[in-house]
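K.L.:
Let me give you the structure first, and then I'll get to my questions.
The values are calculated or read from the model by the stated rules, or taken from the named source; none is laboratory data. If you're wondering where the values come from, they're calculated on a predicted model, not measured in any experiment. Every residue, glycine among them, receives a Cβ derived from its backbone with ideal geometry; neighbour counts consider all protein chains shown. Just the protein is used for accessible areas: all its heavy atoms, side chains included, with ligands, DNA and RNA removed. Shrake-Rupley method; radii C 1.70, N 1.55, O 1.52, S 1.80 Å.
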Amino acid sequence: MKYLISSVTIFLFSSSVLGAFPFNECRKYGDYLKGKFEDIESASKRRDVSHEIESLRKTARHFCKQELSDELEKSFIPLKKRGLENHLELMESEAKRVSEFRAPIWERDEIERVRKELGVESPIASKELNRLISLGRANSIRKKFECTEIDNRKPPLVEVRNGKIIDRPRNQDSIGWCYAFAAADLISHKLGKKVSAIDIANNYNNGSFKDVFGFNETSMEGGFTSSAANEALEKGLCLESQLPSDDYSFSTDSNLMKEYQRMEKLYESFRNRTTEPGLVFGRNQLKGLQYSNAVESFERDLECNRLEGEFNVLFPTLSVGDFVKVLEESSSANDLIDNLVAKSCKKRIANNLNLKFEEDSLLTSSSTMVETINKKLEGGDIIGVNYKASTLSNLLDHDNDSRHASIIVARKFNEQTGSCEYLIRNSWGNTRASSYDSRTRSGGGNHWMPEEYLRESMHGVSYVK
């Protein structure tokens with residue numbers, strides 16, 4: 001059963017199109033508020049957005065002028081109604097879908113909640129809903145015998161104290177190299193030594209389309225886990241101790257992306273200090289004593305600006321003097337990062353285990369990918385997974401623009417829900433449980449993903465051949 005929005009509702013909604021609100025007038029968080037409003041508009045086409053609306057309402061009241069807050073309040077009415085109507089339709093289809101894995105109890109409760117709020121009849125007959133619940137319970141019992149408890153986390157990815165796992169997932173923060181962080185964890189698990197994700201990303205970026213056309217290293221984002229892993233294995237591996245890639249090493253007011261961008265900007269600063277405008281165009285390098293003085297002055301300024309303390313976090317095996325020498329040898333900001341990585345990782349580890357990764361992607365069915373995941377876990381291994389990151393915060397969301405890569409390290413049957421769940425070890429650091437869907441037992445950077453939602457979100461797996 002479908003519920004159509006009335007003409008009055010459509011008018012109210014269309015008069016509040018995205019961009020009509022002057023979010024730029026809100027204190028500090030204009031772009032954030034605009035992005036949240038856009039997310040709510042998009043999500044309301046599929047599900048209930050009441051929670052998101054309430055959160056945005058509170059934020060707008062605090063940071064925006066009263067006039068804008070009042071105008072937003074009017075737009076929330078049709079948005080909420082549309083979300084509830086679409087949520088009711090979604091729960092009807094979800095009840096049928098998840099019954100293949102577990103009893104659709106949550107879906108039944110959602111149907112009843114939304115039905116009452118809208119004042120309409122249930123879109124699914126009680127008899128049919130009871131049949132789906134019985135079917136789901138039977139499927140869940142069968143799944144329980146297959147879903148034995150497995151946890152393949154081990155050093156160096158985690159620390160084991162008195163038999164208890166102390167996990168501290170990597171943190172890529174705002175840099176889009178999730179594929180490299182996943183590849184680093186997969187290789188580290190096999191190697192028994194923690195390898196650098198930054199090195200894997202740098203190696204993968206070299207020779208890429210953006211690299212050829214002179215983009216900076218930090219603007220080359222996105223990639224394939226298995227390809228990145230294989231290319232790193234072919235070149236030789238750099239340890240995390242030589243080239244750190246975990247964002248928690250940096251200060252609270254900075255992050256990995258900003259620190260590497262700072263290195264790139266320092267190249268431009270160095271070039272400006274050690275060159276002069278050409279007679280016709282471009283810039284020419286200073287000569288003799290003039291050049292030497294410029295280099296010495298630049299190095300003194302770096303030390304006075306406390307670069308050494310921050311630089312040693314990014315490149316612990318190098319000094320500021322090393323950095324200046326690399327600056328002199330580099331022809332671009334991107335070349336600088338490449339050279340710094342190369343100088344940091346002199347003693348690379350060869351692929352003596354003859355590791356080779358392969359990937360199943362969109363042409364592979366979700367059933368086949370789940371079989372591969374189970375086979376790898378049952379064999380004591382971990383596996384990379386490509387999926388929609390939007391599912392982490394809401395199991396019902398599958399935003400195509402939120403493609404992400406992580407690793408699956410464990411499996412467990414949830415007696416309370418009747419679902420077989422897989423532990424996704426993310427690369428967002430010690431992410432709080434509030435950032436994940438409230439229905440999952442998530443936190444500390446780890447996310448328990450029920451199989452029925454993993455199948456909907458997953459679009460690839462990467463593993464050792």
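K.L.:
Out of all the residues in segment 428-440, which are open to solvent by 10 Å² or more (accessible area, probe 1.4 Å) and under 24 Å from His189 (Cα atoms)?
P.N.:
Trp428, Asn430, Thr431
K.L.:
Mind listing just one residue for me: the one in segment 9-37 that is assigned to a helix (DSSP H, G or I) and at pLDDT below 80 and, of those, most open to solvent (accessible area, probe 1.4 Å)? Explain how you work it out, then say what you get.
P.N.:
At the first step, the residues of segment 9-37 found to be assigned to a helix (DSSP H, G or I) are 9-14, 23-25, 30-37.
Now narrow it down to the ones that are at pLDDT below 80: 9-14.
Values: Thr9: 16, Ile10: 94, Phe11: 140, Leu12: 70, Phe13: 49, Ser14: 64 Å².
Among those residues, the one meeting the criterion is Phe11.
K.L.:
Looking only at segment 356-375, filter to residues that are hydrophobic (A, V, I, L, M, F, W, C) and open to solvent by less than 50 Å² (accessible area, probe 1.4 Å); which one of those is nearest to Ser462 (Cα to Cα)? Steps first, please.
P.N.:
Residues of segment 356-375 hydrophobic (A, V, I, L, M, F, W, C): 357, 362-363, 369-370, 373.
Going one step further and asking which of them are open to solvent by less than 50 Å² (accessible area, probe 1.4 Å), we end up with 357, 369-370, 373.
Numbers: Phe357: 7, Met369: 10, Val370: 12, Ile373: 9 Å.
Here the answer is Phe357.
K.L.:
Is one or more of the residues making up segment 409-431 among the polar types (S, T, N, Q) and part of a helix (DSSP H, G or I)? Before the answer, list the steps.
P.N.:
Within segment 409-431, the subset among the polar types (S, T, N, Q) is 414, 416-417, 419, 426-427, 430-431.
Restricting the remaining residues to those that are part of a helix (DSSP H, G or I) gives none.
Taking every residue of segment 409-431 in turn, none turns out to be among the polar types (S, T, N, Q) and part of a helix (DSSP H, G or I).
K.L.:
In addition: Identify all residues within segment 38-75 that are part of a helix (DSSP H, G or I), touching a residue at least 24 places away in the same chain (Cβ under 8 Å) and more than 21 Å from Asp437 (Cβ to Cβ); write none if there are none.
P.N.:
Listed by number, the residues that qualify are Ala60, Phe63, Leu68, Glu71, Leu72, Lys74, Ser75.
K.L.:
A follow-up question, please. Given the criterion touching a residue at least 24 places away in the same chain (Cβ under 8 Å), open to solvent by 40 Å² or more (accessible area, probe 1.4 Å) and under 30 Å from Gly192 (Cβ atoms), identify the matching residue among Glu149, Glu159, Glu117. Break it down into steps so the answer makes sense when it comes.
P.N.:
Numbers: Glu159 fails: touching a residue at least 24 places away in the same chain (Cβ under 8 Å); Glu117 fails: under 30 Å from Gly192 (Cβ atoms).
Of the residues listed, the single one that is touching a residue at least 24 places away in the same chain (Cβ under 8 Å), open to solvent by 40 Å² or more (accessible area, probe 1.4 Å) and under 30 Å from Gly192 (Cβ atoms) is Glu149.
K.L.:
Condition first: of a type in the set (A, V, I, L, M, F, W, C) and touching a strand residue (DSSP E or B) at 6+ places or on another chain (Cβ under 7 Å). Can you find one or more residues in segment 285-304 that meet it? Full working, then the answer.
P.N.:
Just the residues of segment 285-304 that are of a type in the set (A, V, I, L, M, F, W, C), to begin with: 286, 289, 294-295, 298, 302, 304.
Then drop every residue that is not touching a strand residue (DSSP E or B) at 6+ places or on another chain (Cβ under 7 Å), which leaves 286.
Scanning segment 285-304 turns up at least one residue that is of a type in the set (A, V, I, L, M, F, W, C) and touching a strand residue (DSSP E or B) at 6+ places or on another chain (Cβ under 7 Å).
K.L.:
Among Gly136, Gly176, Gly163, which is the only one that is modelled with pLDDT of 95 or more and not basic (Lys, Arg)? Walk me through it before giving the result.
P.N.:
Working: Gly176 fails: modelled with pLDDT of 95 or more; Gly163 fails: modelled with pLDDT of 95 or more.
After ruling out the rest, the residue left standing is Gly136.
K.L.:
Given Ala229, Ala201, Ala182, which one is free of Cβ contacts under 8 Å to residues at least 60 places away in the same chain and of a type in the set (A, V, I, L, M, F, W, C)? Steps first, please.
P.N.:
Details: Ala229 fails: free of Cβ contacts under 8 Å to residues at least 60 places away in the same chain; Ala182 fails: free of Cβ contacts under 8 Å to residues at least 60 places away in the same chain.
Sole residue among the options that is free of Cβ contacts under 8 Å to residues at least 60 places away in the same chain and of a type in the set (A, V, I, L, M, F, W, C): Ala201.
K.L.:
So which residues in segment 190-205 are open to solvent by 10 Å² or more (accessible area, probe 1.4 Å) and closer than 21 Å to Glu359 by Cα? Give the steps one after another, and end with the answer.
P.N.:
Of the residues in segment 190-205, the ones open to solvent by 10 Å² or more (accessible area, probe 1.4 Å) are 190-194, 203-204.
Residues satisfying the conditions are Lys190, Leu191, Asn203, Tyr204.
K.L.:
Residues in segment 431-443: is at least one under 18 Å from Phe101 (Cα atoms) and at pLDDT 95 or above?
P.N.:
no
K.L.:
Hey, another quick one. When both residues are 6+ apart or on different chains and their Cβ atoms are under 6 Å apart, which pairs have a first residue that lies in segment 401-413 and is in contact (Cβ under 8 Å) with a residue 24 or more places away in the chain and farther than 13 Å from Ser457 by Cα, and a second that is open to solvent by 20 Å² or more (accessible area, probe 1.4 Å) and in a helix (DSSP H, G or I)?
P.N.:
Within 6 Å, the pairs are Phe413/Lys144.
K.L.:
Contact list please: Cβ distance under 8 Å, first residue in segment 271-295 and surrounded by 12 or more Cβ atoms within 10 Å (Cβ to Cβ), second residue hydrophobic (A, V, I, L, M, F, W, C) and assigned to a loop (DSSP other than H, G, I, E, B), pairs at least six apart or on different chains.
P.N.:
Close Cβ pairs satisfying both conditions: Thr274/Leu286; Thr275/Leu286; Glu276/Leu286; Ala294/Leu286.
Residue-wise test of (1) closer than 27 Å to Asp39 by Cα; (2) among the hydroxyl-bearing types (Ser, Thr, Tyr); (3) part of a loop (DSSP other than H, G, I, E, B).
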position	(1), (2), (3)
Gly83	yes, no, no
Leu88	yes, no, no
Phe101	no, no, yes
Val114	yes, no, no
Ser140	no, yes, no
Pro156	no, no, yes
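K.L.:
Under 7 Å between Cβ atoms, which residue pairs at least 6 apart in sequence (or on different chains) link something in segment 312-333 that is buried (at least 18 other Cβ atoms within 10 Å of the Cβ) with a partner that is among the acidic types (Asp, Glu)?
P.N.:
Between residues of segment 312-333 that are buried (at least 18 other Cβ atoms within 10 Å of the Cβ) and residues that are among the acidic types (Asp, Glu), the close pairs are Leu314/Glu259; Ala333/Glu264; Ala333/Glu268.
K.L.:
Still on this structure, please answer the following. Could you check Arg82 against (1) at pLDDT 95 or above; (2) open to solvent by less than 50 Å² (accessible area, probe 1.4 Å); (3) closer than 29 Å to Arg131 by Cβ; (4) more than 26 Å from the chain's Cα centre (by Cα) and say which number it fails?
P.N.:
The failed condition is (3).
K.L.:
Hey, another quick one. I'd like the full set of residues that are open to solvent by less than 70 Å² (accessible area, probe 1.4 Å) and under 22 Å from Trp448 (Cα atoms), limited to segment 120-146.
P.N.:
Gly136, Asn139, Ser140, Lys143
K.L.:
Of all residues in segment 55-69 being open to solvent by less than 70 Å² (accessible area, probe 1.4 Å) and not aliphatic (A, V, I, L, M), which is nearest to Arg108 (Cα to Cα)?
P.N.:
Start the filter on segment 55-69 by keeping residues that are open to solvent by less than 70 Å² (accessible area, probe 1.4 Å), which leaves 55-57, 59-60, 63-64, 68-69.
Of the ones still in play, those that are also not aliphatic (A, V, I, L, M) are 55, 57, 59, 63-64, 69.
Working: Ser55: 26, Arg57: 29, Thr59: 32, Phe63: 38, Cys64: 38, Ser69: 35 Å.
Looking at the filtered set, the residue picked out is Ser55.
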